[in-house]
Every structure is written in structure tokens, then in C-alpha cells.
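The values are calculated or read from the model by the stated rules, or taken from the named source; none is laboratory data. All figures in this text were calculated on a predicted structure; none of them were measured in a lab. Cβ coordinates were reconstructed from backbone atoms using ideal geometry, including for glycine residues, and neighbour counts include every protein chain displayed.
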Amino acid sequence: MRILAVDPGSKRIGVALSDPTGTIASPLKVVNHISRPIDAATIASLAQEYDAEKIIVGQSLDEEGKPTVQGRSAARLSAAIRSQTDLPVLLWDESHSTQQARQSQLTLGTPKRKRQGHVDDLAAAAILQSFLDTQIEDE
């Protein structure tokens with residue numbers, strides 16, 4: 001089962017996709033934020049294009065587990081995506097996904113000049129891998 005994951009941001013939206021078995025997450029692309037309805041339609045279209053069966057939206061939470069300002073924005077994006085598709089759309093804690101993405105670049109030996117760019121798609125992959133790992137543990 002392919003799963004699409006989204007790391008929403010105020011300027012860019014990272015998108016990642018799982019392999020067909022739903023065990024490995026890979027960065028897919030970065031989409032520039034335009035407006036919530038257009039972003040939702042773009043994400044729903046990507047899910048359809050890649051035959052995803054589920055969409056995961058990263059949501060930032062505070063220390064008490066409550067959504068932050070960005071987390072509430074992610075919830076609104078999630079609702080907008082639901083209005084564009086019949087696929088299940090789930091919110092998932094995105095805590096530390098950007099730091100994980102930057103760390104993975106270091107681990108992989110990515111040259112410094114290539115690490116200067118955006119890591120939105122890598123952060124989406126970190127969110128998705130976290131979700132996938134939890135699903136494997138539950139089986």
C-alpha cells in the first residue's frame with residue numbers, strides 16, 4: 001500500500017511517498033505554497049497520480065501534545081485535502097522531522113553546498129517513515 005506524506009510549511013510543502021509495500025519512505029518533491037484549496041488539490045492529485053491509498057499530514061505539537069499554530073494550520077490543510085479526495089487523511093506528529101532530515105543528509109555524506117537548500121521533502125520522508133515504522137510495530 002502506497003502512502004503519501006506531506007510536511008506543510010508557510011512557503012513550501014514537502015511531499016514523500018512510500019514504496020508499494022508501505023515500508024520505506026522516499027522524498028518525492030517540494031510544492032510551493034499557493035493557497036490552502038490549491039495546495040489541497042495539488043496533494044490530492046499527487047496521491048491519485050502515484051496510486052496512494054492514504055495521505056499523512058505532519059502536524060507540529062507542543063510539549064503538552066497540543067497543536068501549535070503551525071499544527072492548527074496543518075489540521076486545516078488536512079480538512080481541505082479531505083474535501084478533495086475520498087482517501088483517508090491522517091494527521092501525524094511531525095516533531096523533529098526537519099532535524100532528522102538534516103541529520104540524514106550528514107549521515108549520507110551530502111556535501112555542504114548541497115545541504116544549504118530546503119529539506120521539506122526529506123522532512124516529509126521522515127514523517128512518513130515514522131508513521132510506517134509505527135504501523136510495522138503494530139502488526
Can you pull out the residues in the range 24-46 that are closer than 15 Å to ALA126 by Cβ and part of a loop (DSSP other than H, G, I, E, B)? ILE24
Show the residue pairs that are 6+ apart or on different chains and have beta-carbon atoms under 7 Å apart, the first residue being within the range 124-139 and at negative phi and among the β-branched types (Val, Ile, Thr), the second being buried (at least 21 other Cβ atoms within 10 Å of the Cβ) and modelled with pLDDT under 90. ILE127/GLU94; ILE127/SER97
List the residue pairs whose Cβ atoms are under 6 Å apart, where the first residue sits in the range 86-100 and is over 15 Å from VAL15 (Cα atoms), the second is β-branched (Val, Ile, Thr) and modelled with pLDDT of 95 or more, and the two are 6 or more positions apart or on different chains. LEU87/ILE55
Residue count, the range 71-108, condition modelled with pLDDT of 90 or more, farther than 17 Å from SER130 by Cβ and either among the basic types (Lys, Arg) or assigned to a helix (DSSP H, G or I) (or both), comes to 9
Any chance ILE43 is farther than 17 Å from GLN129 by Cβ, at pLDDT 95 or above, surrounded by 24 or more Cβ atoms within 10 Å (Cβ to Cβ) and aliphatic (A, V, I, L, M): yes
Could you tell me which residue of the range 4-29 is nearest to GLY58 (Cα to Cα), considering only residues that are β-branched (Val, Ile, Thr) and within 10 Å of the chain's Cα centre (by Cα)? VAL6
